[in-house]
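Taking it in order: structure first as C-alpha cells, then the write-up.
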2 protein chains.
Amino acid sequence: MVCGKCRVKIMEGSFPKEDIVSSMSHLSPHEEKEKEFFEAKDDAPDMRLACAARLKGDILVFVPEASRTGQQVVSKAAGEIDVEIKPAVKKYYVELNAPALEDALGDYERVRDALLKEHGVEDIVIDFKALQVLPDILRNSNWKVTVTLWYNEIIRVQEGNVETNIGLAIDVGTTSIAGYLTDLNTGDVLVTESMMNPQVSYGEDVMSRITYCMLNEETGLADLRKTILEGLNTIIENAAKKAEISTDDISEITLVGNTAMHHIMLGINPEYMGVAPFAPALHRFIDIKADRFGLNILAAGNIHMLPIEAGFVGADNVGCLIADAPHKRDEMTLLIDIGTNGELIFGNKDKLISCSCATGPALEGAQIEYGMRAAPGAIERIRIDRKTHEVTYKVIGDENWSDGKRNMEAKGICGSAIIDGVAEMFLAGVVIKSGNFNPDFKHPRVRKNKKNIPEFVIAWKHETSINEDIVITLVDVRAIQLAKGALYSGCQIMMRKLGRTSFDRLAVAGAFGSHIDKIMAMAIGMFPDCDLDKVEYIGNAAGDGARIALINTDIRDEVNDIATKIEYVELALEEDFNDRFGEAMQFPHMYDKFPNLKGILPEE
Amino acid sequence: MVCGKCRVKIMEGSFPKEDIVSSMSHLSPHEEKEKEFFEAKDDAPDMRLACAARLKGDILVFVPEASRTGQQVVSKAAGEIDVEIKPAVKKYYVELNAPALEDALGDYERVRDALLKEHGVEDIVIDFKALQVLPDILRNSNWKVTVTLWYNEIIRVQEGNVETNIGLAIDVGTTSIAGYLTDLNTGDVLVTESMMNPQVSYGEDVMSRITYCMLNEETGLADLRKTILEGLNTIIENAAKKAEISTDDISEITLVGNTAMHHIMLGINPEYMGVAPFAPALHRFIDIKADRFGLNILAAGNIHMLPIEAGFVGADNVGCLIADAPHKRDEMTLLIDIGTNGELIFGNKDKLISCSCATGPALEGAQIEYGMRAAPGAIERIRIDRKTHEVTYKVIGDENWSDGKRNMEAKGICGSAIIDGVAEMFLAGVVIKSGNFNPDFKHPRVRKNKKNIPEFVIAWKHETSINEDIVITLVDVRAIQLAKGALYSGCQIMMRKLGRTSFDRLAVAGAFGSHIDKIMAMAIGMFPDCDLDKVEYIGNAAGDGARIALINTDIRDEVNDIATKIEYVELALEEDFNDRFGEAMQFPHMYDKFPNLKGILPEE
C-alpha cells in the first residue's frame, strides 16, 4: 500500500471499464489507503494495487514492467577490475596416508600435517561443520582430498582434486540487489544476478524502513532482516543454478550496502542512525559464519561485511572507495555514488571527507509517473528538437531511434532518460529555470492531466505497448530537481569544507551513473561545473569494490583502516544548507557558475 | 526394550496380581521383546517396562529408584581443586562518553577504545550476536556497561556493573552426565546437576550406540546427537534455575566425554573409532559457538570441547590428566578412570601411555539384578561374617548398619556395594576362585532362583522397601568378574609396555572409584597388588579436569599438547590379551601375585 510497486492494469473483465469498482466488478472496491495512493499518484483509473485488490471473478490483468521482478537488463553489470588474485578462500589438494595402528593420528591432524608439509600452510584450525563430515570424506575418497581454507581455517573437504573455487560479491542497494558470482582463482565474474530489494514493500527509502523498525519494536527489525535474507538467498540460489554449481560451492560472500542495509542485514537496530549524532553500531568489517548469518552457502563459509564510514555512508561507499581508490591519488577526486541515496567522497591521498545526500529514488526512475527500471521497452535516451519540439527517443532492445510513426513498444522511462527528458525539456524551453512549465510554450505535446498537472508527451499511444501516452509531468520534474539539488549542494559544501572551488576528477559511480549523458546531467545542474573530460563513469563501483574485496584480502585490511579515518560531514547541520539546496534546485541559467556549458544551455 | 531402565512394579489394579496380563488386566499384554527381556532377567512377575506396557485402566505403579531420573545423590560431587583463576571469560565494567556530532565513533569502536584505555585489553573483536544488541544496551544503560570478553572477543554487553561471571563444566559419561555450574571469578562450584545420559535408550554401552549410528545411516547420528543435546540443555536449564540465573548468564561450557560421546556430541560419525586403527576425527580441542553447537547458553558463548587422546581414550581421560597431572610427576602413576569404560594412563613426566578396557557398566551398578545408582535406599557397604555368614550392610541415607531385624528401607545395591558384596562372598567362601558358587557352602541365604541360577540374599524382604529380598546372583558375579578382569589385564599390559613390574601411585578416578573399599577391590583383583597406601582416590577427575579447564586457559593449551603425545595401546591387539584376560577374571588366590593381601584373602 505504501510503495505501489505492485500496480497492475485491469485490461478486461465482466464490468464496465469506466467503473471497475461497481457491483458488477470482479474486483473488490478500493480500500481507503489504496484510494489515497492513487489519488496522490493521479494514476490511470484502471490501475489497482495487486496487494490490496481482491478477485471476485475472472479478469485480465496487465503487469507493467515496473511491477515485474524478473527480466531486468542487468544495469549493475560487472566492470573490468584489475587486482592481484589473493582471496581469503583457497583450495589445496592433498594425498594422505591412511591411518594404521602404528599411525593412528586423528583425521584433522593428518590433514593439517599434510597441508604444512606439502603447501607450507601453518597454524591450521578446522571449522566444526567441516569437521563433522571429515572422516567420511577422507575414507570415501581413499584419502585424496581437496581442502578449502579460509585464511588458515579448514571450511570444507571434498573428495578428489577439485579446482573450482567460487565466491559471491553482493551489492545490496536500497532499491536493488546485485550479486556477482566470481571465480576466486581468476577473479572472473561467472554470473551476474540481480533483483529488486524485496524490502521495498516496507518503504522505498532508507528512512521509511528505519521508521518501520521503530514503529514495530517487537518484530520490525526481524521482518526486515528476514526479507532481505530471503532476497539474498534467492540471488544465491539463482546464481548457483545458472553456473551449474551447488550453493555449497560458494565459499565466501562479500557484502556491501548502505549503513541502514548493513545494520538490518546484521540484525542491528538501525534506529540510532536516523538521528544525530548518527553513530553506527560498528565501523570495522566483520566476518560471520554463513550458517549463523542465515545465508545458504557453504555452512562453514563466511560472510565478510565490509566496513562502513559513518551513520549514512555505508559499506557500499567503501566499495566505491576500493574500486576508485581516491585515497591513493594525488588529484582531488569528487566521487559520487548515485543510488537511492547519493553518497559523496571528496579529497585525495592526504584527506578524504564524505557525506550523504537524500536524493530519493527518482534518479533511478522510481516514483516517476512512467518510470521503470532499465529493462527492454524502457526509453533510455530522449532528444527534443530545438525548433520543431518534436521528440525522438531510443528504447532498450531496439537499435534505432523512434521516428514518430513506428510502434516502439515503449513501456516507460528509465533513469537515464528521465535526466535526458528533463534536461531536454529545459533546453528546449518546455520548462523554465524554476522547473515550472513555460506558460508561453504551446505545443500539442504539452497538456494538463486530469488533476490539472502539466505534462509533456514523450511517446504517443501508438508508439507504446501500454496503450497510452508516455509523459513526463511537472511532478516528475520536481522529483528530479530535488534529487539533483541535493547532490549539487552536497558537492558545493564538500568542496567548501576542504577550501576548494574545483576538483581534478569527477568520478560518477552507480549503475545509473554509467548511463547518464554527461552533458544532460550538467545541463540540469546535477554536478558542479567542470570540463566534461574530467567526468569519469566508474560503473557500479560499490559492486566492483565488493568483488575486489572478495578476491584480495590485502584490500580488506587497507580499506578497513581508511574507512574509519574518513571524516563524515553531516550536511543538514551546515548553517546555509537550506539556502544552498533551494538554490541548487533551480536549473542552472548561471553562466558564471557553468562557463563550460556556454553554447549548450539556452540563452537567458 | 533393550535397556530396561524403565522397569516399573505394578502394585495394584483391578486384576489378579498373579496374572497381570489377563483379559481383566488394566495393562496391555507383554510384547515379545518385553517377554524376552524379563525371561532373561528372571524379573519379578509384576515388573513391566513402562516404555512397552500400555494402560487400559487405572493401576498403581511403583517406580523403582533405578528407574527414576531425579533425586540422585550426587555421586559425581565436585572435589576441591586448587588452580590459578585465569578463565577465558572475563568481565569489564566501562563508562563511555556518549557519541556527539564531533565524536560519532561507532559503538563497537567506542567500547573497544575504552577497554584498551581502561583495562589494557588489545585486539578486541566482537561477536555478531553481541553486536546485534550493542546499540540498544549502550543507550539504555546511559553508556555504563559491563563487557564480557572470551579471550579478546566481546560476547556480551550488559547494562551497568555486573560482576556475576559463570561457566559450566560438563562431564558426559556413557551412563550419566554431571554438570558443575562454576563461578568464574572464584572457581567455586555453585550448583552440581546430574542426570542419566538419555542416550541409554539407544544402548547401554558405547559400542551399541556406535552400532546404532551405523545401522541407521540416515538419522542415527542425528538422533543420538539430538538426544544428548536435549540432555545437556536440561542440565543447563536446571542448573540455571537452581542458581537463580538466566541461561544467558552461562558464558562458556567445557565438555569432556569419551571419544564416542565426543564425536556424537560434535555430530561426527563415530563409526571409524569402532574398528582398527581407531583413528578419531580430531585430537585437539575445539571451540564452537553455543548457538552453532545447539546448547542454550549465551548464544555468543563458546563450547570448549577438550582434546581426546586416541580412538578410545577420550576427553574424559584428558580431564583426569588435568586433575591428576601425572605428566608433571616423577612417580610412575597408574591412573584408572572407572566409568562404563575403564580408561588407563600409565607413566610419568618422561612418557605416558594409555589404553581403554571394556569393563561394561557393572561397576556402576548397572545390569546388576538389584543394581541401582547411588541414591537414598541404595545399599553402599556389605560385610559377611566369616563364621556365621550373616550379612550386615549400610544404606545411603541411614547412619547405622543393618541388624537383620530393622526395616532398612533398602531398594537395591549401588556400585561400591557390588564390589563389597562380591568380595565378601569370595572372602567368606560363598563363591570360589572361578566365580562359581561354592557347592559345599550351605546357608539359608544361598538358594537358586526360578531360572535355577544361584543367588545369595543380602537383605531380606522385611528389611527392604521393595517387598522382596535383595540378592546377588551368579550372573552379577560374572559381570563383576568381566569388569575387573578387563581392568586388571589392562594394567598388566600397560606395565609390561613400559618394562615395569610396579608403580608408585595408583590413582583411581571416577565417581564410583571414590566409594570403593580399597581392600575389597584388591581382594577381587581389580587392580594389581600394591601397598594399600599407594592407592589414592582422586574423585571424579574427568569432571574436575573439565572444571579446571573452565577456570584456567593455560591448562587448556598445556593439555592439548600432552594429549596428542600420549601413546595409545590397543589392548585387543596384544597377542596374549585373551589369556591374560581369562586369567584375570579369576579371583586372586595367588599369594605370589598378591603378597600384600596375605591375611585378608582366605587360605587356598
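What to note about this one:
- Residue satisfying all of: in the range A:447-459; farther than 17 Å from A:GLY435 by Cα and at pLDDT 95 or above; surrounded by the most Cβ atoms within 10 Å (Cβ to Cβ) among these: A:ILE458
- Hey, A:LYS242 among the basic types (Lys, Arg), open to solvent by 10 Å² or more (accessible area, probe 1.4 Å) and within 22 Å of A:ILE166 (Cβ to Cβ) or not: yes
- Check on A:ILE519, more than 19 Å from the chain's Cα centre (by Cα) and open to solvent by 10 Å² or more (accessible area, probe 1.4 Å): yes
- Answer from A:ALA366, A:ALA315 - the residue that is on the phi < 0 side of the Ramachandran plot and either basic (Lys, Arg) or away from chain B (no Cβ under 14 Å) (or both): A:ALA366
- When the range A:163-189 is filtered for residues that are open to solvent by 30 Å² or more (accessible area, probe 1.4 Å) and either in contact with a Lys or Arg (Cβ under 9 Å, 6 or more places away or on another chain) or of a type in the set (Ser, Thr, Tyr) (or both), the ones remaining, listed by number, are A:GLU163, A:THR164, A:ASN185, A:THR186, A:VAL189.
- Matching residues, the range B:334-352, being within 22 Å of the chain's Cα centre (by Cα) and not charged (D, E, K, R): B:LEU334, B:LEU335, B:ILE336, B:ILE338, B:GLY339, B:THR340, B:ASN341, B:GLY342, B:LEU344, B:ILE345, B:PHE346
- Pairs are defined by a Cβ separation below 6 Å, a sequence spacing of at least 6 or placement on different chains, a first member in the range A:136-159 that is open to solvent by 20 Å² or more (accessible area, probe 1.4 Å), and a second member that is in a strand (DSSP E or B) and hydroxyl-bearing (Ser, Thr, Tyr); the pairs so defined are A:ARG156/A:THR148; A:GLN158/A:THR146.
- None of B:ASN348, B:ASN341 is surrounded by 24 or more Cβ atoms within 10 Å (Cβ to Cβ) and within 21 Å of B:CYS320 (Cα to Cα) except B:ASN341.
- Test: residue in the range B:66-83 that is more than 19 Å from B:THR175 (Cβ to Cβ), at pLDDT 75 or above, in contact with a Ser or Thr (Cβ under 6 Å, 6 or more places away or on another chain) and open to solvent by 30 Å² or more (accessible area, probe 1.4 Å): no
- Once the range A:528-546 is narrowed to residues that are part of a strand (DSSP E or B) and aliphatic (A, V, I, L, M), the residue that is farthest from A:GLU331 (Cα to Cα) is A:ILE538.
- Tally, over the range A:190-238, of residues that are open to solvent by 60 Å² or more (accessible area, probe 1.4 Å), without any contact (Cβ under 8 Å) to a residue 12 or more places away in the chain, closer than 14 Å to A:ILE268 by Cα and in a helix (DSSP H, G or I): 1
- Test set (1) modelled with pLDDT of 90 or more; (2) more than 28 Å from A:LYS405 (Cα to Cα); (3) of a type outside the set (D, E, K, R); (4) assigned to a helix (DSSP H, G or I) - A:HIS462 fails condition number: (2)
- Verdict on A:VAL125 being modelled with pLDDT of 95 or more, open to solvent by 40 Å² or more (accessible area, probe 1.4 Å) and among the aliphatic types (A, V, I, L, M): yes
- Taking the criterion of being closer than 13 Å to A:ALA299 by Cα and more than 9 Å from every other protein chain (Cβ to nearest Cβ), the residues of the range A:129-161 that qualify are A:ALA130, A:THR148, A:TRP150, A:ILE154, A:ILE155, A:ARG156, A:VAL157.
- Taken as a whole, the condition of being free of Cβ contacts under 8 Å to residues at least 24 places away in the same chain and surrounded by 20 or more Cβ atoms within 10 Å (Cβ to Cβ) does not apply to B:VAL430.
- Residue-level analysis places A:LEU321 outside the set of residues that are more than 11 Å from every other protein chain (Cβ to nearest Cβ) and assigned to a loop (DSSP other than H, G, I, E, B).
- Residue that is nearest to B:HIS327 (Cα to Cα) [pool: residues in the range B:503-545 that are of a type in the set (Asp, Glu) and without any contact (Cβ under 8 Å) to a residue 40 or more places away in the chain]: B:GLU536
- Set A:LEU506, A:LEU550, A:LEU532: member being away from chain B (no Cβ under 14 Å) and at pLDDT below 85: A:LEU532
- Flag if A:ALA276 is away from chain B (no Cβ under 14 Å), outside any helix (DSSP H, G or I) and either of a type in the set (A, V, I, L, M, F, W, C) or free of Cβ contacts under 8 Å to residues at least 24 places away in the same chain (or both): no
- Members of the range B:111-128 found to be more than 8 Å from chain A (Cβ to nearest Cβ) and in a helix (DSSP H, G or I), listed by number: B:VAL111, B:ARG112, B:ASP113, B:ALA114, B:LEU115, B:LEU116, B:LYS117, B:GLU118, B:HIS119
- The range B:402-430, residues that are over 19 Å from B:GLY365 (Cβ atoms) and outside any loop (DSSP other than H, G, I, E, B): B:LEU427
- If you filter the range B:327-369 down to residues that are of a type in the set (Asp, Glu) and in a loop (DSSP other than H, G, I, E, B), you find that the one that is nearest to B:ALA584 (Cα to Cα) is B:GLU369.
- Residue match in the range A:167-179 (condition: within 14 Å of another protein chain (Cβ to nearest Cβ), under 24 Å from A:THR234 (Cβ atoms), part of a strand (DSSP E or B) and of a type outside the set (Phe, Trp, Tyr)): no
- If you go through the range A:279-311 and keep only what is within 26 Å of A:LEU573 (Cβ to Cβ) and without any contact (Cβ under 8 Å) to a residue 60 or more places away in the chain, you end up with A:ALA279, A:PRO280, A:ALA281, A:LEU282.
- Whichever residue in the range A:381-399 is of a type outside the set (Ser, Thr, Tyr) and open to solvent by less than 50 Å² (accessible area, probe 1.4 Å) and, among such residues, is farthest from the chain's Cα centre (by Cα): A:HIS389
- Count of residues meeting criterion [under 15 Å from A:TRP460 (Cβ atoms) and acidic (Asp, Glu)] in the range A:383-430: 3
- Matching residues in the range B:296-309 - criterion: being within 18 Å of B:ARG156 (Cα to Cα), within 11 Å of chain A (Cβ to nearest Cβ) and part of a loop (DSSP other than H, G, I, E, B): B:ALA299, B:ALA300
Condition check ((1) more than 11 Å from every other protein chain (Cβ to nearest Cβ); (2) more than 20 Å from B:LYS90 (Cα to Cα); (3) open to solvent by less than 10 Å² (accessible area, probe 1.4 Å)) across all residues:
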{"site": "B:ASP249", "(1), (2), (3)": "yes, no, no"}
{"site": "B:THR254", "(1), (2), (3)": "yes, no, yes"}
{"site": "B:ASN269", "(1), (2), (3)": "no, yes, no"}
{"site": "B:LEU282", "(1), (2), (3)": "no, yes, yes"}
{"site": "B:PHE285", "(1), (2), (3)": "no, yes, no"}
{"site": "B:GLY294", "(1), (2), (3)": "no, yes, no"}
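The values are calculated or read from the model by the stated rules, or taken from the named source; none is laboratory data. Computed from a predicted structure; not experimentally measured. Because the Cβ atoms are built from the backbone with ideal geometry, glycine has one as well, and the counts that use them run over all protein chains shown. To get the accessible areas, we keep the full protein, side chains included, count just its heavy atoms, and leave off ligands, DNA and RNA. Shrake-Rupley method; radii C 1.70, N 1.55, O 1.52, S 1.80 Å.
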